[in-house]
Structures are given as C-alpha cells and as structure tokens.
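Bear in mind these aren't lab numbers, they're just calculated from the coordinates by the rules spelled out. Note that this is a predicted model, so its numbers are computed, not measured. Heads up, the Cβs are rebuilt from the backbone with ideal geometry, glycines too, and the neighbour counts pull from every protein chain shown.
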2 protein chains.
Amino acid sequence: MDVNAERSVFYISDGTAITAEVLGHAVLSQFPVATQSVTLPFVENVQRAQAVKAQINALYQHSGVRPLVFISVISPEIREIILQSDGFCQDIVQSLVAPLQQELGVDPAPVANRTHGLTANNLGKYDARIAAIDYTLAHDDGISLRGLEDAQVILLGVSRCGKTPTSLYLAMQFGIRAANYPFIADDMDNLKLPPALKPFQNKLFGLTIDPERLAAIRQERAENTRYASMRQCRLEVGEVEALFRTHQIRYLNSTNYSVEEIATKILDIMGLTRRMY
Amino acid sequence: MDVNAERSVFYISDGTAITAEVLGHAVLSQFPVATQSVTLPFVENVQRAQAVKAQINALYQHSGVRPLVFISVISPEIREIILQSDGFCQDIVQSLVAPLQQELGVDPAPVANRTHGLTANNLGKYDARIAAIDYTLAHDDGISLRGLEDAQVILLGVSRCGKTPTSLYLAMQFGIRAANYPFIADDMDNLKLPPALKPFQNKLFGLTIDPERLAAIRQERAENTRYASMRQCRLEVGEVEALFRTHQIRYLNSTNYSVEEIATKILDIMGLTRRMY
C-alpha cells in the first residue's frame, strides 16, 4: 500500500466526541499531513466498543498504516477495549486526569461522559444559553431595535461582512446576547448612527471587511448587481469605517478571520466573560 | 487563605483558546472541584506573555493555591514564558505533538496558532460553512419550504422542543444544512405530514420532549397561556409522537440532552459526515 496516502484518523468517545475532535484537529493541524477522519460518538457499551476495535484493526490490516486514534472515553471498560486496538491511540482526557488528581488531591468522580451534557447542575446555565440564542435570533439583522438594553454586544457593519454568523457563534458557544445591525445601500448617502443605537454606544462593535472579499461574497448571492459591484462595496466599506472612526466605535476587519477568531477577539476587546458549556 | 475556595483556572493561547477551554473543561468536569476560570486568548507577543505570567504568579501569591493553567500555545517563545510561571501548567497540544511526530515520521510545521483560523487552504470549506448557516436561517421554523431538496436534515417537532438551536449548531459546528419545521397548535386537530415534506421522507428527523419540561420552557415565555398549559403540551407531544411512529420517522427525546448531544446523535443516527473547522 502507498504509505503516502491520507492517514486515517479516528475520534472515539462515549459522549459526543466533540472534545476529541477539537483537540485532535488542533494537534494534527501542526503537521503537514493529509488525513481522513471518522468520528465515532456514543460508544457506550462493550459490544459497540469491540466493533470499533475491529473496525480500526481491519483498516490497519487493509492499509498497512496504523490509524491515529484520539480517545475521549470516561468508562474504563470501554477505554481498555479501544486501547487494545492496533491503532496509535492517544487518550486525550485521561492523560491529564492523573497529574490533576495529584495536584488537586482529589479523586476523579466521573459518572458518565457528559462533558457537553445537560444535568440538573447546569440546567439554569443551559436555559440561559438557549435564551441567548433566542435573543440573538430576535435581534439579527436589525429585525428589532427593542430590548437592545439587554444586549451584551451590538455588532454593526455592511451586509455580508460576517455579523450574523459571529452573533450566532457568540450566543451558541459563549452564551452572549449579541444583537446586530446592518447598514444598507440606502443609508450611504448620508450615513449616520441610528438614534436607537446611540444610548448603547459602549456596546457597539464594528465589523469591516476588504471590499474585494466583500464583492466576491456578494457575487455568490447576487451576480452582476450593483449590490455586488466593487464600486458599491468600496463605497459602503469606506463610509462605514469613517462612521466607526467618527463615533470612536471599536472595530475589526473580518477578512482573514474565522467566526471563532472574530468572536473571541470581540470578547477579548470588550472585556466580556465567556461562559463555558 | 481558604484552600477549599474555588480553584483558579487559566486557559491561555496564542489563538482563540477554544481548544484549551474545551479540553480543560472536559478534564475538570471529572473532578468534584469548584473552579473559577479566566481565558486569555491571543497572547501573541513576549510582552503580553510576561504580563500573563505575572498575573498567574500574583494570584498564587495572593491565594496560596497554585492556579491550574491549560495552555494551547504554538510559539515556543511564548510557551516557555508561561511554563515558567508558578501555575500548574498543562500544555495540552504540545504534549501530543512529540508522540505524533514519532508516529508520523514528520516534523511539525506550525506557522501560527490558526487551529480555528481562516487560511487560503480552507477558504472554500469555510464559505460552505457560512452557506450552511445561511441556509439553516432561511429554513428555520418552516419559514421557507422551497429548496428543501438541498437540506441534509429536516427537523420536525412542536414549538420549543429544541429544533432551532439544534439546527444552528448542526450548521455552525458541522457545516450541515439543517431545515426545521414546527407543528403548531392549529395543526393538532388533524395532524398530518405536510405534503411539502413527503418527498423528503429520508431526511426527516423528529424531536420530542417531555410535556413537563415543555410546559416549563413555554411558561418562561408565555405564562398562564393555553400554549404553555400542561394539557396543551401533553396533547401536542402525544399527537406529534404518533405522527412520527405512523410515518416511521426516526426521532429522539431532547429533554435530557444538550444541543451538542442532540446534534451529534442526529448525525450518528442519520449517518451524516461531520465537517471539522
């Protein structure tokens, strides 16, 4: 077999496998290696664990290359079965439990893999997160300017600069109530900060974007329109950036950043605390 | 100082710190210990790293208890500074790099901490993710029944059973185009599968919820209404579950699950591939 082929990667968990994916992906992104991954969540009983082990072993047999296996499994019984497979196994959570046990002087008390779970202990916090998502949807794209006093951040920017995905990510990942307000083409003749936003100056945060990237994004949706033209994109971005500067609204250019990066930069700049789920 | 007080935890990164948070949170959730956490992302230069080190040391001096420090830092220079702090440091990404380096027979080639970053290599994939979010918003709550042929999953259920947060999580985290359709009170007299959904039988997935939890959620929004009454909630849930069974629509009860768990269970049951960002 060709050892230069894509390397197989397994993410295995008795929970959602999100933790295994996030860490495995972070580590693998440090290597110039092509990978092909399979995620196997909710491996919760011996039978399924043995089937997973057989799947890993069969792939190794077939390819001649050891699959990489990132494990986040709380059940010792399940973990042991996977660790006995022929894969190159990295037990990402367990490898940190032993040193922490010593440092904390407390034994771990795992009940089940509910890292991303819903329990009586976190139900209130969970409801607040869902409320943040509801709030953000109700205040997307300037739909409602009522209740802005409850926003933790109000994002401003031109159409398609990333306001909506960023707002939703802030709500979903961090429980932040994020409103957003679009400046549209008709505003550009005489761009002003809407009176409804003025009382919330300290919650405003601007997003901007390179006109070239903006035009490319708009072309995808509305080819050969004024809306998607370079001229219009340059005009809108220029006007909106001038407005941000005039009103001393903090802003960042989203062009080269993912929603994760934009959202965490906003929290950092505004000094907002992240909730964790 | 009281050693039984909440233990301080730092999540430190030269990127978003999301990886450090996810893994640190997963590990700490195994211990019956109260924690208080601070996330410090984008620690990208020596000056900021030294300030972070001073912050950790000052907290230790003040409390007499070593802060726990989860690090996801790619820059060796920055990492070294943090590791020299008085905190109990766990370098979560780096600890996996050495074994993988040996297994892969390839040196790591980190450029910067862009685990959640946007690069020329992943721009197409990123655009597809944003398109999935757009799609999901445009097909939330039955807003549009056009274009359902492009959905990868269509969630069905009563109002407030978790359709919208689950759809958005599927889009945001996994790049899945998820539509959702609500059954409302007026449908209940003669509940039928809407004709517009019938061609997409194999994409349908039902969510149900315990009537008690549903009533509690609805009471938060519309206290003392018929909509939020136990009687109405029981009726709707009963009718909708019967519909799922009649049409052999796969479904799950969302009552005790988080959006992460619901979303990953749906992908697992439907055999949908996760994208990773």
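Here B:Asn253 yields copy-to-copy label distances, from shortest upward, of 5.4 nm, the label point defined as 7 Å from Cα along Cα to C-beta.
Based on the reciprocal of the average 1/r between different C-alpha atoms, the Kirkwood radius for the range B:212-277 equals 13.9 Å.
The GluC sites (Glu not before Pro) of the range B:6-106 that meet both conditions, a loop assignment by DSSP and at most 15 other Cβ atoms within 10 Å of the site Cβ, are B:Glu6. Near A:Glu239: Cβ cut-off under 10 Å, other residues only, Lys/Arg at +1 and Asp/Glu at -1. The net charge is -3.
Principal axis extents of the C-alpha atoms in chain A (largest first, rounded to whole Å): 69, 48, 30. If R0 equals 41 Å, the separation of the Cβ atoms of A:Thr225 and B:Gln248 corresponds to a calculated FRET efficiency of about 0.35.
Rounded to the nearest 20, the Cβ-based charge dipole of chain A about its Cα centre (Lys and Arg +1, Asp and Glu -1) stands at 560 debye.
The lysine pair tally for chain A, using Cα distances under 29 Å and a gap of 8 or more places or different chains, is 11.
Toward the positive end of the charge dipole of the range A:188-235, with +1 on the Cβ of Lys and Arg and -1 on the Cβ of Asp and Glu, the farthest Cα among A:Pro211, A:Gln201, A:Leu191 is that of A:Gln201.
Assuming a ≥ b ≥ c are the square roots of the Cα gyration tensor eigenvalues, decide whether the protein assembly as shown counts as rounded (a/c under 1.5), prolate (otherwise, with a/b larger than b/c) or oblate. Judged from the Cα gyration tensor, the protein assembly as shown comes out rounded (a/c under 1.5). Plainly put, the tip 7 Å out from Cα toward Cβ on B:Ala196 is 2.7 nm from that tip on each other copy, the closest given first. Separation of the range A:53-72 from the range B:22-62 is 36 Å, based on Cα centroids.
What relative contact order, as a whole-number percentage, does chain B give when Cα pairs under 8 Å and 6 or more residues apart are counted?
Once divided by the residue count of chain B, the mean separation gives 14 percent.
Distance from the Cα centroid of the range B:216-277 to that of the range A:209-277 is 36 Å (rounded to whole angstrom).
For B:Met270, the point set 7 Å out from Cα toward Cβ sits 3.1 nm from its twins in the other copies, listed from shortest up. Computed from the Cβ-Cβ distance with R0 of 56 Å, the FRET efficiency linking B:Ile143 to B:Glu80 stands at 0.60.
Suppose R0 equals 25 Å; then what is the FRET efficiency for B:Asp150 and A:Ala58 from their Cβ-Cβ distance, rounded to the nearest 0.05? Write out the running numbers ahead of the final one.
Working: r = 35 Å, r/R0 = 1.38.
Efficiency, rounded to the nearest 0.05: 0.15.
Ordering B:Pro110, B:Ala98, B:His25 by the projection of their Cα atoms onto the charge dipole of the range B:10-128, which places +1 on the Cβ of Lys and Arg and -1 on the Cβ of Asp and Glu, puts B:His25 at the extreme positive end.
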